Each structure stands twice: as C-alpha cells, then as structure tokens.
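A short write-up of the structure that comes next.
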Amino acid sequence: MAGTMQFLAWLMVAIYLLPGVTTTQHYAGQPMNSASVGGGLQEPEAPEVMFELLWAGLELDVMGQLYIQDEELASTRPGRRLTFLLQRHVPSDVEGAQQQLQQFQNLRKGPPLSPWDFEHLLLTGLSCVYRLHKAREAEERARWAQVFALLAQETLWDLCKGFCPQGQPPSLGPWALILDPFP
C-alpha cells in the first residue's frame with residue numbers, strides 16, 4: 001500500500017512539473033495575495049523550481065494545513081506562492097475535495113482547463129495523497145483514495161482533450177481499481 005501511494009504521489013508531482021502548467025508573476029515590492037498569485041495566464045514558473053520545492057517535501061500539520069518542510073525554500077517567492085495555494089486554495093477535507101472534483105467534472109466537456117485551474121486540480125490531487133497517508137480509519141482512507149483516483153481521472157481527461165478519440169475516456173488501467181474501494 002505504501003509503495004502504491006508513493007507511486008501515485010510521484011505521478012502527481014511528475015504531471016505537476018509539465019512545462020507551462022504552473023503559472024505565476026510577481027513583482028518586487030508587490031504584496032503576495034490572491035490577485036498576485038495565479039490570477040490569470042502568466043509566465044510559467046520554472047518546472048525545476050517547483051520540483052525542488054516538492055522534492056524538499058511537504059508536511060501535513062495538526063491543523064490539516066500542508067506546508068513546505070524546508071524553511072529556506074518556503075521563504076522564497078515560489079515557496080510563498082506554493083504555500084499560499086496549498087493553504088488557501090486546496091481543500092483540507094474530503095467534502096471540499098469532492099466539491100472541487102465536481103467542479104472539474106462539470107468542466108469536462110469544455111475546452112482544456114486554464115493553467116490556474118489545472119494547477120488547482122494537481123495540487124488537490126497531491127493534497128489527497130498526503131491526507132490519505134495520514135488518515136487513521138479505513139473508511140477515511142477509502143474516501144481520500146477514491147477522490148484521488150477521480151482527480152487523477154480528471155487530469156487524464158483534461159490532458160486528453162483534443163487528442164483522444166471522441167467518446168473514448170482515457171483509462172487509469174489497473175489503477176481504476178482504486179475507484180471501488182469496497183469490492
């Protein structure tokens with residue numbers, strides 16, 4: 001189970017690092033707020049910077065907030081931006097993640113997600129992996145696993161737009177078994 005979760009976490013990190021997915025633009029002296037953090041189509045954050053932030057590790061504190069373990073990296077502009085997104089825009093409970101999932105499912109038939117929405121999709125999936133790992137009860141783990149699998153499916157749907165045959169959903173293959181945690 002731990003190996004599977006580690007693989008799924010790294011899958012989300014790898015998808016997150018695709019060039020052009022993460023966006024930000026911040027000017028010296030400008031306050032760090034929701035308007036300056038991903039408010040539109042802007043220059044992408046360097047993938048190697050995001051990789052370094054995620055490689056340093058995230059931690060889930062007792063209040064249910066994700067933060068970057070390396071304080072020095074967390075204090076950088078990209079680190080502050082990632083922390084802001086994790087704490088303010090990524091749901092911290094299963095119900096919030098399910099609501100966000102429903103919003104992404106409602107956008108399935110439209111054009112590909114904006115870089116901002118795609119980033120939220122990936123960060124929500126990454127958050128699910130951390131919360132799944134920390135869940136204590138089997139029912140809670142099953143709910144987080146199911147939401148994560150559905151978010152992964154939505155990620156594939158969005159990446160497949162314009163490339164997959166019409167009406168043919170992308171497949172998670174053997175990972176789809178996670179969708180039914182109680183066979």
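The values are calculated or read from the model by the stated rules, or taken from the named source; none is laboratory data. Everything numeric here is computed off the predicted structure, so don't read it as measured data. As a convention, Cβ positions derive from the backbone with ideal geometry for all residues, glycine included, and neighbour counts pool all protein chains shown.
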Sole residue being at pLDDT below 85 and closer than 23 Å to Leu150 by Cα, chosen from Gly29, Gly96, Gly64, Gly39: Gly64
Any helices (runs of 4 or more DSSP H) falling wholly within region 62-139 and containing at least 3 residues that are in contact (Cβ under 8 Å) with a residue 60 or more places away in the chain and closer than 30 Å to Gly162 by Cβ: 115-134
